[in-house]
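Participant: The structure follows.
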Amino acid sequence: MIAADPHHLRRVQLIRKGALFFALVLVIGLAALTQSLGGETSLHEGLEAVGLAMIAICVVGRAWCSLYIGGRKKAEIVDQGPYSVSRNPLYVFSFIGAFGMGAQTGSVVIALLFLLISVGVFYLTVRQEEGWLSATFGETYRAYCARTPRFWPDFSKWRDVDTLEVRPVFFLTTLRDGLAFFLAVPLFEALEQAQHVGWVHVVFSLP
């Protein structure tokens, strides 16, 4: 069991961000050398539109989760609102956003790669966080784990409160981080344009 080190979660989050950034850079490099099968078809454009909607859901969902968890993760077990149906709803919304980012390439394969990378990195992060939380909160946290799924929401367990104490700095930080998902739109549009003018050469196509 991991010792209840108050700096442990911060280290885990920094490692998670670094690993996620490195892996996504590799996939972006792959995307630069590929194009969606058949070129810019209606399917390509439709996938981009669906992906954009998923990014919007991700940003709104993450901001909503931050209203409940912002600044409280190290101090208490939050089990209301989205945290009553999933122990990691903020990460679940990030999965949705990751697929949406990859979908901006118009390729289902690239979108799934984005999703699989985010699931893998966040799963390892969650396992580390769970060790810290178990060591810190003991039976209270283990009881929460027993009744609440790690990721996939169980809406039959929904519980909420009438009022929340909102900490604006955490809400705004989460909102800012979420808006970064939208950077995928101009990034992949720029890559497509670079391919069209011959600055980047397409090696193969992906569905």
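Participant: Taking the criterion of being among the polar types (S, T, N, Q) and part of a helix (DSSP H, G or I), would at least one residue in segment 171-182 satisfy it?
Facilitator: From segment 171-182, those among the polar types (S, T, N, Q) are 173-174; that's our starting set.
In the following step, the residues that additionally are part of a helix (DSSP H, G or I) were identified as 173-174.
Within segment 171-182 (the criterion being among the polar types (S, T, N, Q) and part of a helix (DSSP H, G or I)), the answer is yes, since at least one residue qualifies.
Participant: As an exercise: evaluate GLN35 against (1) within 30 Å of PHE204 (Cα to Cα); (2) without any contact (Cβ under 8 Å) to a residue 40 or more places away in the chain; (3) not in a helix (DSSP H, G or I) and give the number of the one condition it does not meet.
Facilitator: (2)
Participant: Still on this model: Going residue by residue through segment 95-111, is there one that turns out to be farther than 29 Å from VAL169 by Cβ, touching a residue at least 12 places away in the same chain (Cβ under 8 Å) and out of contact with any helix residue (DSSP H, G or I) (no Cβ under 9 Å at 6 or more places or on another chain)?
Facilitator: Taking every residue of segment 95-111 in turn, none turns out to be farther than 29 Å from VAL169 by Cβ, touching a residue at least 12 places away in the same chain (Cβ under 8 Å) and out of contact with any helix residue (DSSP H, G or I) (no Cβ under 9 Å at 6 or more places or on another chain).
Participant: Please tell me if SER86 is part of a helix (DSSP H, G or I) and among the polar types (S, T, N, Q).
Facilitator: Numbers: part of a helix (DSSP H, G or I): no; among the polar types (S, T, N, Q): yes.
It is false that SER86 is part of a helix (DSSP H, G or I) and among the polar types (S, T, N, Q).
Participant: Tally time: how many residues in segment 128-151 are in a loop (DSSP other than H, G, I, E, B) and free of Cβ contacts under 8 Å to residues at least 40 places away in the same chain? Break it down stepwise before answering.
Facilitator: Step one: list which residues in segment 128-151 are in a loop (DSSP other than H, G, I, E, B), which gives 138, 148-151.
Narrowing further to those that are free of Cβ contacts under 8 Å to residues at least 40 places away in the same chain: 138.
Number satisfying all stated conditions: 1.
Participant: Limited to segment 152-165, what total is found for residues that are in contact with a helix residue (DSSP H, G or I) (Cβ under 9 Å, 6 or more places away or on another chain) and either surrounded by 13 or more Cβ atoms within 10 Å (Cβ to Cβ) or without any contact (Cβ under 8 Å) to a residue 12 or more places away in the chain (or both)?
Facilitator: Here the count works out to 2.
Participant: Here's a follow-up. Could you give me the residue pairs with C-beta distances under 6 Å whose first residue belongs to segment 171-192 and is under 16 Å from ILE96 (Cα atoms), whose second residue is small (Gly, Ala, Ser) and at pLDDT 90 or above wherever it lies, and which are 6+ apart or on separate chains?
Facilitator: Note: pairs meeting the criteria are THR174/ALA63; THR174/SER66; LEU175/ALA63; PHE181/GLY97.
Participant: Could you tell me whether ALA63 is at pLDDT 90 or above, within 27 Å of ARG167 (Cβ to Cβ) and either crowded, with 18+ Cβ neighbours inside 10 Å or not aliphatic (A, V, I, L, M) (or both)? Please lay out each step first, then the result.
Facilitator: Values: at pLDDT 90 or above: yes; within 27 Å of ARG167 (Cβ to Cβ): yes; either crowded, with 18+ Cβ neighbours inside 10 Å or not aliphatic (A, V, I, L, M) (or both): yes.
In short, yes.
Participant: Filter segment 38-56 for residues that are in a helix (DSSP H, G or I) and among the β-branched types (Val, Ile, Thr) and give the result. Break it down stepwise before answering.
Facilitator: Going residue by residue through segment 38-56, those that are in a helix (DSSP H, G or I) are 42-56.
Of everything in segment 38-56, those that are in a helix (DSSP H, G or I) and among the β-branched types (Val, Ile, Thr) turn out to be VAL50, ILE55.
Participant: Exactly one of these conditions fails for SER118: (1) surrounded by fewer than 16 Cβ atoms within 10 Å (Cβ to Cβ); (2) in contact (Cβ under 8 Å) with a residue 24 or more places away in the chain; (3) assigned to a helix (DSSP H, G or I). Give me its number.
Facilitator: (1)
The values are calculated or read from the model by the stated rules, or taken from the named source; none is laboratory data. The shown structure was predicted, so the numbers you read here are calculated from the model rather than taken from an experiment. Here Cβ is always computed from backbone atoms with ideal geometry, including for glycine, and neighbour counts include all displayed protein chains.
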